[in-house]
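Heads up, the thing below is written out as structure tokens.
The values are calculated or read from the model by the stated rules, or taken from the named source; none is laboratory data. Bear in mind that the values here come from a model prediction, so they are computed numbers and not experimental data. Methodologically, a virtual Cβ is constructed for each residue, glycine included, from the backbone with ideal geometry; neighbour enumeration extends over all protein chains shown.
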């Protein structure tokens, strides 16, 4: 029998069927009342690398996750052979959103091992100012929410092998959570910019996907991670700087400036392509053509459908190409959204390790964009277009 989270197990975890129906206060109470999370509360502070502006958020307790620091013969994540799936068994946190799929359901819960917590460190009794830890003029509190969206209750089902209608539902629920978090944060979350510059309050949403143990995918059951924080990701600042220097949004620039030969598939409202500055073989971008759209929840039905189709094609191609080149399947998906950018996604397969030159900011790519585009296009064109 296929592994899955049963409706009966879901019922025991269910705290809300629609995250949009929860008030900000209710959402915070669901986090702070979850006993399991209390064992893994993050340090609650952020430091900034003065050389690059990189943000470093600390959570020492994540090193104590049961699936981390295992012996070398421990079964790796990222495949279907994981011995026991805690998600399928229902050994997880309360569920705050659920939607039916053609088979099973997609659902959102609170991350048991969050990188962010809704209360500032001072309320947790771990204030760096009070304790004198990590002294720095740039040390600041870090707080927010950290959720997981499980693509399907069926263990083997994810973006690459689920029906198009189901992918659209998953994308819509992801957008609903994003909208909820941004709406609440505009009213109640104190942002990094406000803390430093007394600017308008806002929260910063990060949406990612890690698949495979080599890139941080600690559980094989397919999922996305969604976080909102008072800390602004450096990429947001990079996009703002790009717009200021070039007079256009980065996604608009890519649509105009990326060579047509690197286009993989046109979905109408979106386009999948290999960037001309590809850092690693088979990197891909999925651009929403309307660069005025900054968030998932701003997309219309056709744009949601195009994004869902692009996710399917890109991930399916990655899972096909990596075994061919002798690599363990592993990839990241990054959602670029918010101020200073049109909405776009990056698909980053772990096709090449990081060396010393890369740490200096000099990337040596063992491939070239034209060859990667040709191979990827050949595979993607065999997939039925949605």
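Looking for something closer than 18 Å to residue 92 by Cβ, assigned by TED's automatic domain parsing to the domain that holds residue 109, modelled with pLDDT under 90 and part of a helix (DSSP H, G or I) - is there at least one such residue anywhere in the stretch 11-33? Looking for residues that are closer than 18 Å to residue 92 by Cβ, assigned by TED's automatic domain parsing to the domain that holds residue 109, modelled with pLDDT under 90 and part of a helix (DSSP H, G or I), one finds none in the stretch 11-33, hence no.
Within the stretch 248-274, how many residues are in a loop (DSSP other than H, G, I, E, B) and surrounded by 19 or more Cβ atoms within 10 Å (Cβ to Cβ)?
5
Checked against the criterion of being in a loop (DSSP other than H, G, I, E, B), in contact with a helix residue (DSSP H, G or I) (Cβ under 9 Å, 6 or more places away or on another chain), buried (at least 16 other Cβ atoms within 10 Å of the Cβ) and modelled with pLDDT of 90 or more, the candidates 205, 231 yield just one match: 231.
Results for (1) farther than 30 Å from residue 353 by Cβ; (2) at pLDDT 95 or above, shown as yes or no for each residue.
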{"position": "153", "(1), (2)": "yes, yes"}
{"position": "191", "(1), (2)": "yes, no"}
{"position": "212", "(1), (2)": "no, no"}
{"position": "215", "(1), (2)": "no, no"}
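Only one residue in 298, 303 is within 20 Å of the chain's Cα centre (by Cα), surrounded by fewer than 19 Cβ atoms within 10 Å (Cβ to Cβ) and either at pLDDT 95 or above or under 20 Å from residue 163 (Cα atoms) (or both). Which one? Give the derivation first.
Numbers: 303 fails: surrounded by fewer than 19 Cβ atoms within 10 Å (Cβ to Cβ).
Just one listed residue meets the conditions, 298.
Here residue 257 meets each of (1) closer than 26 Å to residue 370 by Cβ; (2) touching a helix residue (DSSP H, G or I) at 6+ places or on another chain (Cβ under 8 Å) with one exception, condition (2). Are any of the residues in the stretch 115-123 modelled with pLDDT of 90 or more and within 30 Å of residue 312 (Cβ to Cβ)? Within the stretch 115-123 (the criterion being modelled with pLDDT of 90 or more and within 30 Å of residue 312 (Cβ to Cβ)), the answer is yes, since at least one residue qualifies.
For the stretch 94-110, the tally of residues that are touching a helix residue (DSSP H, G or I) at 6+ places or on another chain (Cβ under 6 Å) and not in a strand (DSSP E or B) stands at 3. Only one entry in 383, 363 is touching a residue at least 12 places away in the same chain (Cβ under 8 Å), loosely packed, with under 15 Cβ neighbours inside 10 Å and part of a loop (DSSP other than H, G, I, E, B), namely 363.
Residues checked against (1) closer than 30 Å to residue 182 by Cα; (2) assigned by TED's automatic domain parsing to the domain that holds residue 207; (3) under 16 Å from the mean Cα position of the chain (by Cα):
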{"residue": "273", "(1), (2), (3)": "yes, no, no"}
{"residue": "280", "(1), (2), (3)": "no, no, no"}
{"residue": "315", "(1), (2), (3)": "yes, no, yes"}
{"residue": "320", "(1), (2), (3)": "no, no, no"}
{"residue": "324", "(1), (2), (3)": "no, no, no"}
{"residue": "329", "(1), (2), (3)": "no, no, no"}
{"residue": "340", "(1), (2), (3)": "yes, no, no"}
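With the structure loaded, tell me whether residue 220 is closer than 30 Å to residue 89 by Cα and in a loop (DSSP other than H, G, I, E, B) or whether it fails that test. Answer is yes for this residue. For residue 346, the test of being closer than 14 Å to residue 280 by Cβ, at pLDDT 95 or above and surrounded by fewer than 21 Cβ atoms within 10 Å (Cβ to Cβ) is passed.
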